[in-house]
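Notes for the one structure printed next.
The values are calculated or read from the model by the stated rules, or taken from the named source; none is laboratory data. Everything quoted here is computed from the prediction, not taken from an experiment. Heads up, the Cβs are rebuilt from the backbone with ideal geometry, glycines too, and the neighbour counts pull from every protein chain shown.
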């Protein structure tokens, strides 16, 4: 069932569109990776999905009982956020703010939810530690636990592994994939194409060519293969070379479509 339906969406600022006529659907249980060059509108799209800015035109329709305040969000971290002087428990609990309504305090149920999500992310023993004294990977676990306090349905992640070392990056990807297996729908912005193809069920490519489809359709689409500047990073090139070798061996792939922006 569709959680989000994007219809003829144009994104931009001050009525100036940088992306036009975007159409795609995110169903319950999907894992969508948004990829593309810098400046292609990825973060603008995510902010628009979160209703943090208005679209130039078009519609974002919510389905399957999803409400606007039930979307978990893990933003890109800034230096100010990394140095925030609060305890891990306080930050995770703050994810319950949308549940409080007019109450100026957290109730027993919300505190239990925060405890469950800290346990889920393996950070229970850090509950009383100051957030700014944690490593980058530990901080991302804290923010992921916070986002989970806001939702049981869908998580939006903006470059969640940015600045993390390879080992911690893999741990974070595994955490997100496990959440998806548990039934949480994932929408993630990523510059790591190899990881996007490895973990995602669907890919939205933004830029001069806009593509939406399954990862199999994306891989099979020659328009987005190595000639694109997006594929010039080493991990993506390795993946593409492996894919091309597989195609030569006769493996059959579904064909995807490209919408020229």
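General remarks:
- Identity of the residue in the range 1-21, within 13 Å of residue 61 (Cα to Cα) and touching a helix residue (DSSP H, G or I) at 6+ places or on another chain (Cβ under 9 Å), that ends up surrounded by the most Cβ atoms within 10 Å (Cβ to Cβ): 4
- Scanning the range 67-83 for residues that are in a loop (DSSP other than H, G, I, E, B), at pLDDT 85 or above and crowded, with 18+ Cβ neighbours inside 10 Å gives a single hit, 75.
- Against the list (1) surrounded by 14 or more Cβ atoms within 10 Å (Cβ to Cβ); (2) part of a loop (DSSP other than H, G, I, E, B), the condition residue 33 fails is (2).
- Note on the range 48-57: residues that are farther than 17 Å from residue 98 by Cβ and crowded, with 16+ Cβ neighbours inside 10 Å total 3.
- Residue tally, condition surrounded by fewer than 23 Cβ atoms within 10 Å (Cβ to Cβ), part of a loop (DSSP other than H, G, I, E, B) and in contact with a strand residue (DSSP E or B) (Cβ under 7 Å, 6 or more places away or on another chain), over the range 192-213: 2
- Evaluation of residue 20 against the conditions (1) in contact (Cβ under 8 Å) with a residue 24 or more places away in the chain; (2) out of contact with any strand residue (DSSP E or B) (no Cβ under 7 Å at 6 or more places or on another chain) shows that the sole unmet condition is (2).
- Evaluation of residue 95 against (1) in a loop (DSSP other than H, G, I, E, B); (2) surrounded by 19 or more Cβ atoms within 10 Å (Cβ to Cβ) (one fails), failing number: (1)
- When the range 158-174 is filtered for residues that are out of contact with any helix residue (DSSP H, G or I) (no Cβ under 7 Å at 6 or more places or on another chain) and at pLDDT 90 or above, the ones remaining, listed by number, are 159, 165, 166, 167, 169, 170, 174.
- Only one of the numbered conditions (1) out of contact with any strand residue (DSSP E or B) (no Cβ under 8 Å at 6 or more places or on another chain); (2) modelled with pLDDT of 95 or more; (3) buried (at least 19 other Cβ atoms within 10 Å of the Cβ) is violated by residue 185, and that is (1).
- Residues in the range 151-175 that are more than 13 Å from residue 26 (Cα to Cα), in contact (Cβ under 8 Å) with a residue 60 or more places away in the chain and surrounded by fewer than 22 Cβ atoms within 10 Å (Cβ to Cβ): 6 in all.
- Residue count for the range 100-131, restricted to those that are touching a helix residue (DSSP H, G or I) at 6+ places or on another chain (Cβ under 6 Å) and either free of Cβ contacts under 8 Å to residues at least 40 places away in the same chain or loosely packed, with under 15 Cβ neighbours inside 10 Å (or both): 9.
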